[in-house]
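Down below is the structure, laid out as structure tokens.
The values are calculated or read from the model by the stated rules, or taken from the named source; none is laboratory data. None of these values were measured; they are calculated from a predicted model. Heads up, the Cβs are rebuilt from the backbone with ideal geometry, glycines too, and the neighbour counts pull from every protein chain shown.
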């Protein structure tokens, strides 16, 4: 049940690529604050193992965050149980991954692209 920090792995004038590596079952990622980036997509990869899933959560409260599950543009909850890339519908103050399912073999990496048109 660790809070795993993120790394900025690439950045340019209008974008950043954020990565949370080696997330285990019941880990959460440290929240990434990016309300100025209106476009966001997330990729989850690694070993999901039995029941492995990553829930992408967000909060608009900077002082006492209460996290809610974010959605894709079709309104589906971003609870991801297989490797893939999804667009994030909401533009929230802070975003984090939360590993809500899995076992001792679960080892996931979450990579998020945030961008804006300026």
What's the number of the only condition in (1) more than 13 Å from residue 96 (Cβ to Cβ); (2) modelled with pLDDT of 95 or more that residue 63 fails to meet?
(2)
Select from the stretch 60-77 the residues that are surrounded by 15 or more Cβ atoms within 10 Å (Cβ to Cβ) and farther than 24 Å from residue 22 by Cβ and list them in ascending order.
71, 72
In the stretch 35-54, what residues are under 12 Å from the mean Cα position of the chain (by Cα) and buried (at least 19 other Cβ atoms within 10 Å of the Cβ)?
40, 42, 44, 54
